[in-house]
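One structure is given here, and the rest of the page talks about it.
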Amino acid sequence: MRPANGPKPAPAAAVTAPSRLREAGVAAAMYLGCIAVALLISAIIVWLTGGSWQAVFSALLDGSLRAPGRWGETIGIAIPLVVVALGTAINGRAGVVNIGQEGQLMMGTAFATYVGVNMGGPGPLVVVCLLIVGAAAGAMWAGIASWLLYWRRVPEVLTTLLLITVASQATGYALKVDWLLLAPFREDRSVRNQVSDQLADDTRIPRLDIWGNDFPISAFAVVLMAVIVFLLFKRSVWGFRMRMLGRNARTAQRAGVSTVTYGTTAMLISGACAGLAGAMMLSGGDFGNYRFTPGFANNIGWEGLLVALVARSHPVGIVVVAFSFAGLRAGSGFLAATGVEREISQVVLALLVLALLVPPAILFIRERRRALSATRDRT
Amino acid sequence: MGGFFSAIADVVTNEVTYSGAMRFAALLAFAAIGETIAEKAGTLNISLEGMLLGGAFAGALGMHLTESVTVGLMFATVVGIVVASVQANMSHRLSANQFVVGLALNTLVLGIASFLNTSIQPVSRAAHRFEIPGLSEIPLIGDALFYQPWPLYLVYPMVPAAWWLLYRTRWGLEVRAVGENPQSADVSGIDVNKRRRQSIYIAGLTSGLGGGYLVLGQIGRFEDAVVGGQGFIAIAAVIFGGWTMRGVIGGCLLFGTVNSFRLTLPTVGHELNSELLSAAPFVVTIVTVTFFAYRTREPRALAQPFVRGLT
């Protein structure tokens, strides 16, 4: 109760939010500025080591977009990134942490390889089966983490992280023994290295050729998946409950959302997506020439996780970010000609990630300040 | 089965096993000591791997420039702290997601280190082994503990120092408060995010030094894969140890021993599946954490950002 003759409240200048257009402009400027700074730092690193930064950026652009047929390469790399990231978006929204996509992807690929090589029967059926089995294997691997989380309260960050190494060792072992994945000794495997049999021609995902850009048709399925995830979050009760669980687990529990059921579901879906991404990589042909090898996952799981985190679990953002990350990866193939090591693409990627973190953080802090000063004026 | 037991017996009675175990454990301990402090303050510091790697490269670079192990270790420490400063300021000044920052930092440091490594190609060598007279005569473990490259000995005083800092100083009390209940700590006048940043700096310091030790005390030269996931094992050791200094060091010793077993078994003439042995520390960690998860408790605000006025 304010006394009637007390000082009048200060004019609530801080309460009125600035126009939305101006806010959007500020945000866009901040994003552009941060990206520019990241690229500037990369250029300085190249320049310091005696390389030419113009050549590097031009090679990256050539390798990802400008050279003929590179769009196809970029799309091919973006496919698993988007799939991994969509799964991560779901568990991110549900407030469960999963940082073991790399391991789930490896398990998915290993099981998919086994099915693809040994199943036999009509080709399309084999493709469908290997994709399903890959997804199931990924879900199983993530399921271990969620089972331990809800049974014994083991932190899921720890288990998913540790299971990556276990998966990499287990698949490495499977690639050493004949009765699991190792290809039989033939002339096409001259050295006794760890490699699986190649998928037969009819058990591969068909590839499409548009203006010289050649990519697997799973690209369309992936876009469809992004739309479905978007609609699930925006329009479904299930998605709403997931989001509620992520925002405030206690409220969700009170409102009748079972933490265990929804948390486990989110984790399983996330793992399934990672496994599916692995199976798609295997049968899509952009990675490893339809063969599974120990280095097959090649950080795609980690990068997909980063995509989801940078895009802040938003399906549209995921597609955009995944495409740009894939472009960097595809572009790094063209770096050899410039005489600059291809690791620079990793540097550019990481700097971009860090740069993309800054604007939302600053906007959030500004928002908080504004809200705090508004409450201070009222009280 | 008899073969298995005789293999174990051969390894257990071999001095080399203990020396190797100690060297692995020391690296893990360098990283895990800092990580314990950071986690006590509420940061799950994934960039530990990057700090180790940055320290390793900086150590090699310092040696390359000055031919001195001491300067190399100083370089390593500085770079560890630089990596930590990025993690600290991004996650506890800007409140960005600490996992994203950590993952990006790991990629960034790996990229920069391997990029600079190919363009500079630093030349370095391992520090000489230093024997502590008398103590190194103890059978079996004497060499392991007291006849090692001298940078390893830095870890010995670090353990009690870290314990004292965390449990016997006002700063340590504040750090633990910040990790348990940041809201209460904030209300009682502790700058939550400042304490968290400081604890990450300490993690950077110790693991940068650890990276330097890895190159200058153990391997002798820098390679891209030199750290190879040891930072993650150190994080596992912290969780395995239940966030107590005693447990964490125990975890480091256990993982170090398993790692050393893997390398010693073939040299004493036994064949064992190396993949399964490499996976062993991780499986052991998961199983033990599963059974002790109810007894140990993580810092309650672990991995949760603090923004005043929220929650």
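Throughout, read-outs are computed from the coordinates displayed, never taken from laboratory work. Remember, predicted model here, so these are calculated numbers, not experimental data. Here the Cβ is made from the backbone with ideal geometry for all residues, glycine too, and neighbour counts use every protein chain on show.
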Practice item. Please name which of A:171, B:41, A:208 has its Cα lying farthest along the dipole of the protein assembly as shown towards the positive end, using unit charges on Cβ (Lys, Arg +1; Asp, Glu -1) and the Cα centre as origin. Key: B:41
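For B:252, A:273, A:34, what's the fewest-to-most ordering of other Cβ within 10 Å of each Cβ? Present the calculation step by step, with values, prior to reporting the outcome.
Values: B:252 29, A:273 34, A:34 19.
Going from least to most buried by this count: A:34, B:252, A:273.
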Check your understanding: Shielding of A:90-100 by partners, i.e. mean partner chain Cβ atoms within 10 Å per residue?
Key -> 1
Review point. Percentage of Cα-Cα pair distances in region B:150-195 greater than 17 Å, rounded to whole percent?
Key: 43 percent
Review point. So which GluC sites (Glu not before Pro) in region B:1-86 pass both tests, a DSSP loop state and at most 16 other Cβ atoms within 10 Å of the Cβ?
Key: B:67
Check your understanding: Just how large is the dipole of region A:76-298 about the Cα centre, in debye to the nearest 20, putting +1 at every Lys and Arg Cβ and -1 at every Asp and Glu Cβ?
Key -> 1220 debye
Check your understanding: Computed over the Cα atoms of chain B, what is the ratio Rg over Rh, Rh following Kirkwood?
Key -> 0.99
Study note, to complete from the structure: Expected sort for A:71, A:151 with the fewest Cβ neighbours (10 Å cutoff) up front is A:151, A:71
Practice item. Work through the residues other than residue A:206 whose Cβ is under 15 Å from its Cβ and net out their charges, Lys, Arg +1 and Asp, Glu -1. Key: -3
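Is there a quick way to get the dipole size of the protein assembly as shown? I mean about its Cα centre, with the Cβ of Lys and Arg at +1 and of Asp and Glu at -1; what is the value in debye to the nearest 20?
Values: 51 positive and 37 negative charges, 714 e Å.
Once rounded to the nearest 20, the dipole reads 3420 debye.
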Review point. Most fluctuating residue of B:207, B:68, B:184 in a GNM of chain B with Cα springs under 10 Å: which is it?
Key: B:184
Study note, to complete from the structure: Assertion target for B:194, B:40, ordered by fewest C-beta neighbours within 10 angstrom first, is B:194, B:40
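With a cut-off of 8 Å between alpha carbons and a minimum separation of six or more residues, what is the relative contact order of region A:76-298 in percent? Present the calculation step by step, with values, prior to reporting the outcome.
Numbers: 389 pairs, mean separation 92.9, N = 223.
It comes to 42 percent, rounded to a whole number.
What is the Cα radius of gyration of chain A over 2.2 N^0.38 Å, N being its residue count?
Working: Rg = 24.0 Å, N = 379, 2.2 N^0.38 = 21.0 Å.
Here the answer is 1.14, to two decimals.
Taking N as the number of residues in region A:76-298, what value does Rg over Cα atoms divided by 2.2 N^0.38 Å take? Intermediate values should be presented prior to the final figure.
Details: Rg = 18.3 Å, N = 223, 2.2 N^0.38 = 17.2 Å.
Compared with the compact-globule rule of thumb, region A:76-298 sits at 1.07.
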Review point. Each label point is 7 Å from the Cα along the Cα-to-Cβ direction; what then is the distance between the points at residue A:147 and residue A:234, in nm?
Key: 3.8 nm
Practice item. Would you work out which of A:238, A:37, A:97 lies farthest towards the positive end of the dipole of chain A, given +1 charges on the beta-carbon of Lys and Arg and -1 on that of Asp and Glu, about the Cα centre? Key: A:238
Point to revise | Label-point separation, residue B:165 to residue A:210 (7 Å along Cα→Cβ), nm | key: 5.6 nm
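To the nearest 20 debye, what charge dipole does chain A have about its Cα centre, counting +1 at the Cβ of each Lys and Arg and -1 at the Cβ of each Asp and Glu?
Details: 32 positive and 19 negative charges, 488 e Å.
Approximately 2340 debye in magnitude.
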**Study point:** Where labels lie 7 Å past Cα in the beta-carbon direction, separation of residue B:225 and residue A:30 in nm
**Key:** 4.2 nm
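Averaging the inverse of every distinct alpha carbon separation and then flipping it gives the Kirkwood radius. What is it for region B:109-239, in angstrom units?
Working: mean 1/r = 0.0566 Å⁻¹.
Answer for region B:109-239: a Kirkwood hydrodynamic radius of 17.7 Å.
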Exercise for review: Determine one quarter of the surface area of the Cα convex hull of region A:30-120, which equals its mean projected area, and express it in nm² to one decimal.
Suggested key: 10.2 nm²
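Find the percent of Cα-Cα distances in the protein assembly as shown that exceed 32 Å, and round it to a whole number.
Details: 128845 of 237705 pairs.
The proportion of pairs with Cα distances above 32 Å equals 54 percent.
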Exercise for review: Would you work out which of B:274, B:142, B:188 lies farthest towards the positive end of the dipole of chain B, given +1 charges on the beta-carbon of Lys and Arg and -1 on that of Asp and Glu, about the Cα centre?
Suggested key: B:188
